[in-house]
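So the structure is just underneath, and the comments pick up after that.
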Amino acid sequence: MIIKILGIGCSKCEKLEKNLKTALEELNIDANIEIVGDLKEIVSYGVMTTPALVINNKVVSTGKVLSVKEIKKYL
């Protein structure tokens, strides 16, 4: 599983990354996490507001920090 967090490193992006790692740990899922800060690549996903969460090349959330519970639903 490849999971990307699209964002420029703001506090919301960092919180989303923390929640993602917690969700993966609680579900005992091994995944590759990539942080994408390049604006051209972010826009290539059709994302205009960050942070965004991309799971296996599918954008599942944009513009908000998902809770651990919300992230688990997508995993």
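Readers should treat all values here as calculations from the given coordinates under stated rules, not as data from a laboratory. What you see is a predicted model, and the numbers here were worked out from it, not measured in a lab. We place every Cβ from the backbone using ideal geometry, glycine too, and count neighbours over all the protein chains shown.
Key figures for this structure:
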item	result
Gain upon complete extension [Leu39, Val68; 0.36 nm per residue less C-alpha separation]	7.9 nm
Relative contact order (%) - the chain, alpha-carbon pairs under 8 angstrom, separation at least six	43
Low-density loop positions, trypsin sites (Lys or Arg not before Pro), the chain - DSSP coil, at most 16 other Cβ in 10 Å	Lys64
Between helix 11-27 and the chain: long-axis angle, C-alpha atoms, 0 to 90°, nearest 10	30
Ellipticity estimate at 222 nm from DSSP helix runs (n ≥ 4, -39,500 (n - 2.57)) divided over the chain, nearest 500	-11500 deg cm²/dmol
